[in-house]
Amino acid sequence: MDHALPAPFHPPLTGRAETPMAFVKAIVQAYTQRDMDPMPALTEAQIAPNLLNRDDARITALQMEWLSATAMRELDDEALGWFSRRLPWGSYGMLVRASLTAPTLGVALQRWCRHHGLLTDDIHLQVSTESGVAHLQLQEHRPLGALQEFAVVSVLRNALGVACWLTDSRIPLLRTSLRFAPPSHADSYRVLFDGPTQFNGPAHSLQFDAGYLSLPVRRDEAALQRMLQRALLLTVRPYRRDRLLVEKVRQTLAEHPEHSRNADDLAAWLNLSARTLHRQLKEEGASLQQLKDAVRRDLAMDLLLRTQRPIKQITTEVGFQNEKSFMRAFKGWTGQTPEEFRLARLP
């Protein structure tokens, strides 16, 4: 079957050329394995053929997106020749769809890894945690040969992009470990993965704060349909917002009120400056005062429903200096006084 597509109009190139030519060569090799001509795809991505002979050459992330999208469709293989059998167009979208109903990122990634094994047994993916660090590990069940680097980097970046998209959060890496030796373009890895990269490592893995695994999945089918229109952006677009910070602030306000008297104390507890704390919360669409109010509200409602403690005692436990200010705030949160709220929920 001919999977060739009409060449779309591409706007002028923008962005820095930082993607190594080795990845372009790997895609060309996939065409060669199928006895197909890669030149139309290279032309469409505005990649001059003579660059293939220059190990120091680089292309932009947008060119890589164009080339990969065309190659995946023409080869009908989203794995671009990495594995012993093709992954037909739509395979990775199916993996994401199967993870949408997961309650948390941890469950979603476990599903994603398990279902990836149904597509190919050439590699095995798994998620584990140790001492507060999450490990997304890739094991090779058969040698990937000359395509090893491109395959490993692509699968790991895709998994990380999916995780960021599902939670609508940046997930900064603590470390990237790769089993192969540093390539001639090792300097590109500062762009491919944030944080330090270890070559000749014990395993292929991404390591990040395990707290991200508890973040809720925030996407639905409508969001998936929009994302699939340019799914390759998941591997090239870094997220700026970091949802984990909101969860950490909530937890600290609830469990360690002694560190929550002011922004400076809270920021120090979180190993941030007060300015960074406010800026990152703003990027997430939150504020410290909003989070303080939410934690106070939840605690007050819990105490009113679970206990028979007098309003005066609850006022102190929630962190208000007097009953009048507490009652005014509670009515603003719920539209009811604390007494009305409690009585309305009695059996």
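The values are calculated or read from the model by the stated rules, or taken from the named source; none is laboratory data. Nothing here was measured: the structure is a model prediction, and the numbers come from that model. Please note: Cβ atoms are built from the backbone with ideal geometry, for glycine as well, and neighbour counts cover all protein chains shown.
See the values below:
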read-out: Condition check for Phe320: assigned to a loop (DSSP other than H, G, I, E, B), surrounded by 12 or more Cβ atoms within 10 Å (Cβ to Cβ), more than 27 Å from the chain's Cα centre (by Cα) and not assigned by TED's automatic domain parsing to the domain that holds Phe208; value: yes
read-out: Total residues in the range 228-259, condition modelled with pLDDT of 70 or more and over 18 Å from Val155 (Cα atoms); value: 18
read-out: Residue match in the range 290-308 (condition: over 19 Å from Leu245 (Cα atoms), surrounded by fewer than 18 Cβ atoms within 10 Å (Cβ to Cβ), out of contact with any helix residue (DSSP H, G or I) (no Cβ under 6 Å at 6 or more places or on another chain) and of a type in the set (S, T, N, Q)); value: yes
read-out: Of all residues in the range 44-53 being surrounded by 13 or more Cβ atoms within 10 Å (Cβ to Cβ) and more than 17 Å from Ala146 (Cβ to Cβ), the one that is nearest to the chain's Cα centre (by Cα); value: Ala45
read-out: Of the criteria (1) assigned by TED's automatic domain parsing to the domain that holds Thr104; (2) among the basic types (Lys, Arg); (3) assigned to a loop (DSSP other than H, G, I, E, B), which one Arg261 fails; value: (1)
read-out: Pair list, Cβ < 8 Å and 6+ apart or interchain, from the range 292-315 residues that are in a helix (DSSP H, G or I) to residues that are modelled with pLDDT under 85 and among the small types (Gly, Ala, Ser); value: Lys292/Ser260; Val295/Ala254; Arg296/Gly319; Asp298/Ala254; Leu299/Ala254
read-out: Enumeration of residues in the range 129-147 that are of a type in the set (Gly, Ala, Ser) and within 19 Å of Pro172 (Cβ to Cβ); value: Ser131, Gly132, Ala134
